[in-house]
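Only one structure is covered here, and it is reproduced in the block below.
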Amino acid sequence: MPENPLSLWSPAFAHDSAVTILMGILVAVACGWLGCWMILQGLALVGDAISHTVLLGIVIAVLVTGEVTGIGMFVAATLTGLVTVVLIDVLHVSSRLKEDAAIGIVFTSLFALGVVLLTVFASRAHIDAQDSIYGKLEIVASRPGWMVGGVEIPIAVFRMAAIAAVLLGLIVVFYKELLLVAFDRQLAASVGMRPHLFRYGMLAALSLTAVGSFEAVGPVLVVAMLIAPAATAYLLTRRLPMMLFLSALIGSLSAVIGYHISFWFSVSAAGSMACAACGLFSLAFLLAPEQGLIAGAWRRLRLRLKTGRENIIRRVWKLSAGRPEIGVASREVAAALALPGWRYRWLVRSLVRRGWVDVAHEPAEGLRLTDGGRVQAQRLDRAHRLWETFLVDTVGLSVDHVHPAAEEVEHVLSEQLVERLDDALGHPDIDPHGAPIPRSQVSDQTPGVFVLSKLRAGDRGRIAGLVPPFAASAFSTHDQGPALVEIARLGLTLGQSVEVRGRAPTVAAWVVVVDTRREIEIPHALADVILVRLDASLPSISS
Amino acid sequence: MAEVWSQFVRFWSFQDGSVRSAVFGVLLLAVSCGFLGCFIVLRRMSLVGDSLGHAVLPGVCLGFLVTGTKDPTWIFAGAIAAALLASLLIAAIERYTRLKPDVALGLVLSGFFGLGIVLLSRISRLESGQQSGLDKLLFGQASAVSERDLWLMGTVAFVIVAAVLATFKELAVTSFDPAFARTIGIPARAIHYLLMTLTAFAIVISIQAVGVVLVSALLITPAATALLLTDRLHVMVLLSVVIAAVAGVVGLNISFLSNRLPSGPLVVLALTACFGMAYLFGSRYGVVARIRRRRARALQTCRENLLKRIFLALPSSEARQVALSSLTQHPATSSDSLRAELRPLTRLGWVDLEGETVHLTDVGASRARELDRNYRLWELFLTHEVRLPADHTQRDAENLEHLLTPELVRELEERYPDA
């Protein structure tokens, strides 16, 4: 490493550095935009193939026209790119080979042909076979250029800038079409777009970009700049405009970082750029907020902890036989769940912090559920048993197969999903094993208040009101108007005492006894909106 | 020209030690890559080979940097480590992100290759690096295969062949029907990783001869060529070994004659030539064979349509003769061209042409009845099973009457006994 790490910005190097970085950024931006579409459409490896075979086009153009720059090279290389795609398509459509084998055969053949031509006519071609693989970003700055405001800027940079500008223009003009083709080919085809044309157009644009950046970064590193920034952006966002922006930004960042590395360690600039791009991808792979490896591991860890906590709660609830005031020995719980001591203690501490269990120390260490813990236990029981009911009634599994599945699912079912399930299953009272399914309270804030449809036969209480529209349950959007008319028709009033007799045998309705004497049928839809505050002290009709 | 000839003779007389070891080396590669390539192509993993091929470059460079010389052992170790790391990374990216497999391959390929180029540019600045010959690894130089390389290649080839033969059944089942393989208890994932590891080994021993950029061709092209020639896995494996061997030696030979050309691209081009031949002239799946089959079928259809026209133009069911003029009406044809069209039918012994009368022979009459019957059977099928309206069935039935096989006809007859 040079003594002064910033010497690349000293007057002796500043111009070359700036020009090289500018070129790198232009390549990165053009490739970054194209790359987004490549990876969205599954064209990453076709892109790889094209950027290799463009060599053949360049060699042919140089042999025919005798010059290393110029329009002929662009035409020839773009044509070679298209020929590559057509050959791949033809091979894969007209023979039993799959696309991957077709890509492999076509690109190795055309590339080998390019290398052979290059070696045979080496004296005429003025291209070095080695350099055409590595790319030489460093030499761009020493190429002849045009003066702009007293600074000489190589022609290659202008060319690349033009390519990037054309790409930007095409993206802006065809944004809608490209978006549709990338995400829904069928729809695109059905509204009269031609996905094939867009595919060829895009691959032609790729060939053009590959030629423009060939000398600077070489074919393999074009692939790096195509795929790595776009893939990084893909891990960071789910929105296409953001992805395009991020991809260009990450590509440019790789160009800047790569050039600095190459200067400090005097190594290949193009290679460093590719390494920087892949380094940034690795960072995103590990650290991306939603899709990163660490975020994923953290999510899995949290789920495991939650599962452990909830298993303890359910076990205590079960061992205390539904009477939360009874304590359960820690030893027993830990043994039943086969938890090692340290993990058990850790989980219990977190349960105590949440206020779901109390720990007693006399005579032996024991656990007791608090009110909050009891609510949790019932919530879990409810999810577990409803899922079992679903598996047996709807999916058609046999009763002895559903427990393990429910054991897993109870920890991940959201409360909303459980309520939906309950609704869809018609508010069952018991699960397939015959165990009662706990009712769900309207909310934790109003203990003892239930929706009427979720009460069991024999439950007694007083009518406490109606489910507020669109609030208490997001999924039932009952209009209260007809409900009120119906309530008036049935003669129900606030504070009236009700006792549930059970389901009506034929229709979807509940049979309840109002004011201990009048037996009426309440339709299911109405029972879903009436709130009842349970009160076991009310006189029962049977007494 | 005389010089080229003498070089040619020199090559095939195997006087040169370097020619001997190069040819021997390429044959070993042909065996290893031919064996593995078949499974790789069948499993649609072709581009994994490309990815791993590019990915060994940094490993090779690191192996060189350890000793500062081109010691095959260290280079081999570095390359293997890089290839295995690359395949692990590919698997990790596929598993832990929503990126598609091709993106994972491209990422690993370009990232590793970029690192390789950085290291290579570093090495070329070292004094020992000037003559390292590492740059030859890009496109391969078979003449530089040393005796130690050969031992290594031989060992690896032996391991690969032994491993493939030992797990042949498992490899075959997991390649063709992964779901079935799992149900009968084959550890599909272990087999997959075994194949990846073997591929990494095959690639590492191939880079000396064909170079990192093109090494995938040695895996893909012979196997793809064999796939176009046969339907049997055993035959495919043997064929791909033979193809790889022939193309490898031819490529070497040309490279030797020209004295300047890198061997890798020439071997690849020779392989491509083999593939092109199989693609065009393969007896079953070749383009020419398929065109010929299609043409033969079209001709047969024309002939049989004419036969049916004659049959339907017969004045009564017992009659066997019809005037030529009654056939020229619908569709309108000149009598001369009709005569020309009738010629193949006469050759087949279906009709005899006597002056202005067409005479249907026994063979012709029975074939015509058969066609008519096929037509009606298929029409029945279309109306009954496919439930096409009766006025829509004619064209389909006309196309298919020529194609129905005897088994199919029998089945249709059983289905509609009163037809």
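Some values worked out for this structure:
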{"read-out": "Estimated FRET transfer efficiency when R0 is 25 angstrom, pair residue A:515-residue A:489 (beta carbons, to 0.05)", "value": "0.95"}
{"read-out": "Distant-in-sequence amide H partners of residue A:357 (H built 1.01 Å from N, under 5 Å)", "value": "A:352, A:370"}
{"read-out": "Amide H within-cut-off set for residue B:352, under 5 Å, with H built and near neighbours excluded", "value": "B:359, B:360, B:361"}
{"read-out": "Residue-span extension gain [residue A:239 to residue A:417] - 0.36 nm each, minus C-alpha spacing", "value": "61.3 nm"}
{"read-out": "DSSP H segments from chain B that extend 15 Å or more along their own axis, Cα-based, with Kyte-Doolittle mean of 0.0 or above", "value": "B:2-13, B:17-42, B:46-67, B:72-96, B:101-123, B:147-166, B:188-210, B:215-227, B:233-258, B:263-281"}
{"read-out": "Folded to 0 to 90 degrees: helix A:155-173 orientation relative to chain A principal axis, Cα", "value": "40 degrees"}
{"read-out": "DSSP loop GluC sites (Glu not before Pro) with at most 11 other Cβ within 10 Å: longest gap in chain B", "value": "B:1-317"}
{"read-out": "Virtual spin-label span in nm between residue B:189 and residue B:385, 7 Å along Cα→Cβ", "value": "4.3 nm"}
{"read-out": "Within segment B:2-282: Cβ-based charge dipole about Cα centre, in debye rounded to nearest 20 (Lys, Arg +1; Asp, Glu -1)", "value": "420 debye"}
{"read-out": "Computed lengthening from residue B:313 to residue B:18, 0.36 nm per intervening residue step minus Cα-Cα distance", "value": "98.4 nm"}
{"read-out": "Pairwise FRET efficiency - residue A:184 versus residue A:96, Cβ, R0 = 30 Å, nearest 0.05", "value": "0.55"}
{"read-out": "Rg [Å, one decimal], Dmax [Å, integer] - segment B:289-415, C-alpha atoms", "value": "15.7, 46"}
{"read-out": "Residue B:341-residue A:196 FRET efficiency (beta carbon distance; Förster radius 35 Å; 0.05 resolution)", "value": "0.30"}
{"read-out": "Label-point separation, residue A:166 to residue A:266 (7 Å along Cα→Cβ), nm", "value": "3.9 nm"}
{"read-out": "Signed unit charges on C-beta, dipole axis of chain B, positive-most listed residue B:257, B:80, B:12", "value": "B:80"}
{"read-out": "Charge tally in the Cβ shell below 14 Å around residue A:24, where Lys, Arg are +1 and Asp, Glu are -1, residue A:24 excluded", "value": "-2"}
{"read-out": "Nitroxide proxy distance, nm - points 7 Å out along Cα→Cβ at residue B:96 and residue B:297", "value": "5.1 nm"}
{"read-out": "Local electrostatic count at residue A:534 - Lys and Arg +1, Asp and Glu -1, tallied over other residues with Cβ under 14 Å", "value": "+3"}
{"read-out": "Ratio of Rg to Rh over segment A:1-121 (Cα coordinates, Kirkwood Rh, two decimals)", "value": "1.12"}
{"read-out": "Cα extents of chain A along the three principal axes, largest first (Å)", "value": "111, 61, 51"}
{"read-out": "Expected-Rg normalisation [2.2 N^0.38 Å, Cα atoms] applied to the protein assembly as shown", "value": "1.28"}
{"read-out": "Given charges at beta-carbon only (K, R positive; D, E negative), |dipole| of segment B:289-415 in Debye", "value": "680 debye"}
{"read-out": "Residue among A:424, A:337, A:366 farthest towards the positive dipole end of segment A:302-436, charges placed on Cβ", "value": "A:366"}
{"read-out": "Segment B:55-97 versus segment B:366-419: alpha-carbon centroid distance in Å", "value": "63 Å"}
{"read-out": "Alpha-carbon centroids, segment B:337-358 and segment B:103-174: separation in whole Å", "value": "67 Å"}
{"read-out": "Cα convex hull of segment A:140-246, projected area averaged across orientations, nm²", "value": "8.3 nm²"}
{"read-out": "Per-selection Rg to Rh, chain B - Cα, Kirkwood hydrodynamic radius", "value": "1.20"}
{"read-out": "Per residue Cα convex hull volume in Å³ - calculated over segment A:198-238", "value": "71 Å³"}
{"read-out": "Sites matching trypsin sites (Lys or Arg not before Pro) across segment B:162-244 that sit in DSSP coil, with at most 14 neighbouring C-beta atoms within 10 Å", "value": "B:232"}
{"read-out": "Rounded Å value of the spacing that divides the Cα centres of segment A:321-400 and segment B:267-285", "value": "68 Å"}
{"read-out": "Net charge, residue A:237 excluded, C-beta distance under 15 Å - Lys, Arg +1, Asp, Glu -1", "value": "+2"}
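Computed from the coordinates by the stated procedures, all read-outs in this text should not be read as laboratory data. It should be emphasised that the depicted structure is a prediction, and the values quoted were computed from it without experimental measurement. A quick note on method: Cβ atoms are made from the backbone with ideal geometry, for glycine too, and the neighbour counts reach across all protein chains shown.
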